[in-house]
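Asks: After the structure tokens below, expect a handful of questions from me.
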Amino acid sequence: KAISVYATCPVGLIGDDIHSVCRQAKEELGINVFGFSCEGYKGVSQSAGHHIANNGVFKHMVGLDDTPVEAPYKINILGEYNIGGDAWEIDTLLRKCGITVIATLSGDVSYDQITKCHQADLNVVMCHRSINYMAEMMEKKFGIPWFKINFLGANSTAKSLRKIAQYFGDKALIDRVEEVIAAEMAAVRPVQAEIKARHQGKKAALFVGGSRAHHYQDLFADIGIVTIS
């Protein structure tokens, strides 16, 4: 359905015009073909590369399909990359609550989901650095509000579910979320207590991105670990 072309460092140095090639291929193949000039990820901290990625996805994919997504409480999760299958667990949890995830950018997402994600009622932002640009662009063009959440750690997850439910303001949804939290926490507590007994008072230093550092501190606090740096 689509082909994306990414310029690597040698291509950037040689000066190949990948965008002209993409436009030609789009005409010949009759599908969506687009390029990203992000050689070396661009920028000292890769931030320019992230901008290019966000802008490219927004320009060439988001909003292409207006086929209605028939579901209540539609959200996108931005900044979740499904590195350890997290997105699958989060999606399962939200479905139990009656909340529909249209797209998870960029973890475990299909082209079709991205083209429809402008139909969401709300964007929730997990790793809130580069993906903020996407949230802001979607708010400006499609009027989708956004706020930050955290699905790392049991208490943070419960807090995030409540925050989403409160946004929609539907009592049935708020009550359902409380039921799901109660059931999930009942299963989590014995495991949490067992792990906490082994880790209470231990110390951790985190070497991760700034926003993730906040997330993991909450997770460690759940099992008694103190973050000192």
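Asks: Hey, can you grab everything whose amide H is under 5 Å from the amide H of GLU80? Only 5+ residues off in sequence or another chain; H modelled, so Pro and N-termini drop out.
Replies: LEU105, SER106, GLY107, MET126, CYS127
Asks: TYR6's amide H: which non-local residues (gap 5+, or another chain) put their own amide H closer than 5 Å, with H modeled 1.01 Å from N in plane and none for Pro or chain starts?
Replies: Sorted by chain and number, the residues that satisfy this are PHE36.
Asks: Which one of GLY49, GLY30, CYS117 has its Cα pushed farthest toward the positive end of the charge dipole of the chain, where Lys and Arg give +1 and Asp and Glu give -1 at the Cβ?
Replies: GLY49
Asks: Quick one: Debye curve from the alpha-carbon atoms of the chain only, equal weights, vacuum; give me log10 I(q)/I(0) at q = 0.17 Å⁻¹ to two decimals.
Replies: Here log10 of I(q) over I(0) equals -1.26.
Asks: Straight-line reach from LYS42: which aspartates and glutamates fall under 18 Å, measuring Cα to Cα and dropping same-chain residues less than 8 apart?
Replies: Of all the aspartates and glutamates, those that pass the test against LYS42 - Cα under 18 Å, at least 8 places apart if same chain - are ASP16, ASP17.
Asks: Right, another one. Be a star and scan segment 125-140 for residues whose amide nitrogen sits under 16 Å from the point 7 Å along the Cα-to-Cβ vector of HIS51.
Replies: 129-137
Asks: From the cross-link list LYS59/LYS163; LYS140/LYS163; LYS74/LYS141; LYS59/LYS116; LYS163/LYS203; LYS74/LYS171, which pairs have alpha carbons spaced over 20 Å apart?
Replies: The pairs that break the limit, which is 20 Å between Cα atoms, are LYS59/LYS163; LYS140/LYS163; LYS163/LYS203.
Asks: Okay, next question. Hey, what number do you get for the chain at 222 nm if only DSSP H runs of n ≥ 4 count, each worth -39500 (n - 2.57), divided across all residues, to the nearest 500?
Replies: My calculation for the chain gives -16500 deg cm²/dmol from helical runs alone.
Asks: May I ask which residue of LEU173, ILE149, ALA221 lies farthest towards the positive end of the charge dipole of segment 109-229, with charges of +1 (Lys, Arg) and -1 (Asp, Glu) on Cβ and the Cα centre as origin?
Replies: It is ALA221, whose Cα lies furthest towards the positive end.
Values in this text are rule-based calculations from the coordinates and carry no lab data. These numbers were taken from a predicted model, which means no experiment stands behind them. A quick note on method: Cβ atoms are made from the backbone with ideal geometry, for glycine too, and the neighbour counts reach across all protein chains shown.
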